[in-house]
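Below you'll find the structure, written out as structure tokens, and then a few comments.
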Amino acid sequence: MTKFFGYSKVLQAENLCGFKLKRRKKWRKEILKEVHMNLLSLNLTETIEKFKKINLPSYRAKQVFAWARKFTDFDNMSDLPKDLRARLKEHFTSILLASEKELVSKDGTVKYLFKLNDNNLIETVLLKQSYGNTLCISTQVGCRMGCVFCQSGANGLIRNLTAGEIHAQAVAVNALNGGNLENRKITNIVLMGIGEPLDNFDNTVKFLRLIGEESGLNISMRNITVSTCGLKDKIIELADLNFQCNLALSLHSPFDKIRKQIMPIANKYTVLELTESLKYYFEKTKRRVLIEYALIDNLNNRQEDAEELKNLLKDLCCHINLINLNENKNLKGVSDEKALEFLTILQNLGLSVTMRKKSGSDIEGACGQLKSKFVKDSDAIGRDSK
Ligand code: SF4
């Protein structure tokens with residue numbers, strides 16, 4: 001409803017002004033942005049400012065700010081008068097993500113398939129560990145990076161998520177697990193879901209600021225990890241912001257030639273350039289960098305791969321996370337014996353390395369698998385999945 005109201009307002013205004021097409025399009029975009037703002041995209045100061053603009057008192061802004069972070073939609077903001085709730089619907093989009101599917105793994109991992117306001121689907125995964133709950137969040141619908149082992153990028157990029165949509169995943173999962181602002185059910189966040197976070201840089205940065213707000217979920221930067229396939233320039237930009245978040249690089253091979261076979265981004269930046277940017281990140285933030293390394297059969301787990309890794313990473317303060325690749329139609333993982341063998345070689349070379357346990361492999365654990373299965377299943381039974 002809010003959408004239709006806002007849109008007709010735009011059309012009316014456009015007709016009155018008789019703008020030329022190009023200017024009209026730009027203006028329409030700006031007005032739509034203005035009319036349909038997601039409350040979870042705004043910090044407290046911005047919420048108060050926005051309320052002032054639409055002639056609502058700031059104490060109401062504070063109430064609404066808190067309700068939104070409790071994953072409560074306008075109709076259930078029980079201490080607000082009805083006419084105020086109606087006005088909010090005119091000016092803001094719904095903060096709710098519809099949970100289309102929820103799968104629980106034997107190991108406790110929960111995978112959510114959320115539907116956005118425009119019917120696009122994204123995945124969010126909650127991993128329950130002894131030291132707390134880690135939430136793996138999506139930053140885009142689809143991805144344009146084209147890594148051959150990844151289901152998320154199979155259909156390219158559809159669109160970036162807004163900061164509010166990235167934020168909403170944390171707010172939603174916290175509430176769905178009985179959490180609130182005083183008793184949070186999420187301890188850590190990893191931006192490793194669908195999408196390349198640094199390809200949606202501004203919204204990712206805005207999200208990092210929002211999630212750390214004292215009056216919000218208040219998750220410390222040190223408990224957040226941003227993962228990238230290797231956008232060197234953006235790594236440097238992030239380092240210059242001097243946030244204290246962790247950075248993970250999906251390396252998967254120390255050789256440019258092999259990386260190029262599986263990750264198109266390797267045609268743009270070499271492993272040496274990437275390592276230099278990681279050193280810069282460490283210098284700026286003093287945060288040890290993570291190197292993600294998926295073991296792929298017949299590709300990246302020979303003695304020479306280990307030796308070249310040692311060579312490449314020798315001056316970098318980093319830790320290597322090995323993980324066995326989730327099988328897909330293009331590539332296979334390795335046997336447990338081979339994985340252990342490679343881990344031992346790296347350890348003997350003096351590298352800091354651990355083997356990461358796969359979580360949720362019985363529930364379409366790899367990023368993008370659940371969405372793709374859901375779409376296929378829905379098609380198979382003749383139902384519109386979106
Ligand atoms: S692995 Fe990450 S960067 Fe690569 S295609 Fe998948 S989502 Fe994109």
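I want to check the label-to-label distance for Asp107 and Asn155. Put each point 7 Å from Cα in the C-beta direction and report it in nm to one decimal.
2.8
If one computes P(r) from the Cα atoms of the stretch 172-231, what percent of pairs lie at distances over 17 Å?
So the portion of pairs separated by more than 17 Å is 42 percent.
In sequence order, what are the phi-derived ³J(HN,Hα) couplings for the stretch 41-56 according to the Karplus relation 6.51 cos²θ - 1.76 cosθ + 1.60 with θ = phi - 60°, rounded to whole Hz, with x for glycine and proline?
Couplings: 8, 10, 7, 4, 4, 5, 5, 4, 4, 4, 5, 4, 4, 9, 6, 10 Hz.
Taking the Cα centre of the stretch 98-380 as origin and charging only Cβ (+1 Lys, Arg; -1 Asp, Glu), how large is the dipole, in debye to the nearest 20?
Charge dipole, the stretch 98-380, about its Cα centre: 160 debye, nearest 20.
Send over the Kirkwood Rh of the stretch 56-107, from the inverse of the averaged 1/r over different Cα pairs, rounded to one decimal Å.
12.6
What is the stretch 202-255 by shape, rounded, prolate or oblate, if you read a ≥ b ≥ c off the alpha carbon gyration tensor as root eigenvalues and call it rounded for a/c under 1.5, prolate for a/b larger than b/c, and oblate otherwise?
Note, shape of the stretch 202-255 comes out prolate.
Determine, for each peptide in 246-253, 118-125, the mean count of other beta carbons within 10 angstrom over its residues, then list the peptides with the highest first.
Result, highest mean Cβ count within 10 Å first: 246-253, 118-125.
Suppose each label sits 7 Å from its Cα in the direction of the beta carbon; what would the Asn321-Arg144 distance come out to in nanometres?
Label-label distance for Asn321 and Arg144, simple model: 2.6 nm.
For Thr109, list long-range residues whose amide hydrogen, built 1.01 Å from N in the peptide plane, is under 5 Å from its own amide hydrogen.
Lys128, Gly360
Could you order peptides 174-182, 194-202 by the average number of other Cβ atoms within 10 Å of their residues, highest first?
Top of the packing list down: 194-202, 174-182.
What is the distance in Å between the Cα centroid of the stretch 143-176 and that of the stretch 181-254?
13
How would you order 41-47, 329-335 from highest to lowest mean count of nearby Cβ atoms within 10 Å?
41-47, 329-335
What FRET efficiency do you get for Ser335 and Lys257 if R0 is 22 Å and r is their Cβ-Cβ distance, rounded to the nearest 0.05?
The computed FRET efficiency comes out at 0.35.
At 20 °C and a viscosity of 1.002 mPa s, what translational diffusion coefficient does Stokes-Einstein give for the stretch 146-280, taking Rh as the Kirkwood radius over Cα pairs? Give it in µm²/s as a whole number.
134
Would you mind checking which residues have amide H under 5 Å from Arg159's amide H? H placed 1.01 Å from N; only 5 or more apart, or other chain.
Amide H neighbours of Arg159, under 5 Å, 5+ apart: Val141.
Please turn the phi angles of the stretch 288-296 into ³J(HN,Hα) values with the Karplus equation 6.51 cos²θ - 1.76 cosθ + 1.60 (θ = phi - 60°), one per residue in order, whole Hz, x for glycine and proline.
5, 8, 9, 10, 8, 9, 8, 7, 10
Taking a 27 Å limit on the Cα-Cα distance, which of the listed pairs Lys101/Lys185; Lys257/Lys279; Lys101/Lys358; Lys128/Lys257; Lys185/Lys284; Lys234/Lys257 fall beyond it?
Checking Cα-Cα distances, Lys128/Lys257; Lys185/Lys284 exceed 27 Å.
Could you run the Karplus curve 6.51 cos²θ - 1.76 cosθ + 1.60 with θ = phi - 60° over the stretch 167-179 and give me ³J(HN,Hα) per residue in whole Hz, x for Gly and Pro?
Each residue's phi maps through the Karplus curve to give 4, 4, 5, 5, 4, 5, 5, 4, 5, 5, 9, x, x Hz.
Once fully extended, how much extra length lies between Glu273 and Asp233, figured as 0.36 nm per residue of separation less the alpha-carbon to alpha-carbon distance?
Between Glu273 and Asp233, full extension yields 13.4 nm more.
Across the Cα atoms of the stretch 98-380, what radius of gyration and what greatest pairwise Cα-Cα distance (Dmax) are found, in Å?
In order Rg, Dmax, the Cα atoms of the stretch 98-380 give 18.1, 52 Å.
In nanometres, what is the gap between the two model label sites at Arg356 and Glu46, each 7 Å from Cα along Cα-to-Cβ?
Each label point lies 7 Å from its Cα, and together they span 2.9 nm.
Each value in this text was obtained by applying a stated rule to the coordinates, not by laboratory testing. Quantities reported herein were computed from a predicted structural model and do not represent experimental measurements. Positions of Cβ are generated from backbone atoms using ideal geometry, with glycine treated the same way; all protein chains shown enter the neighbour counts.
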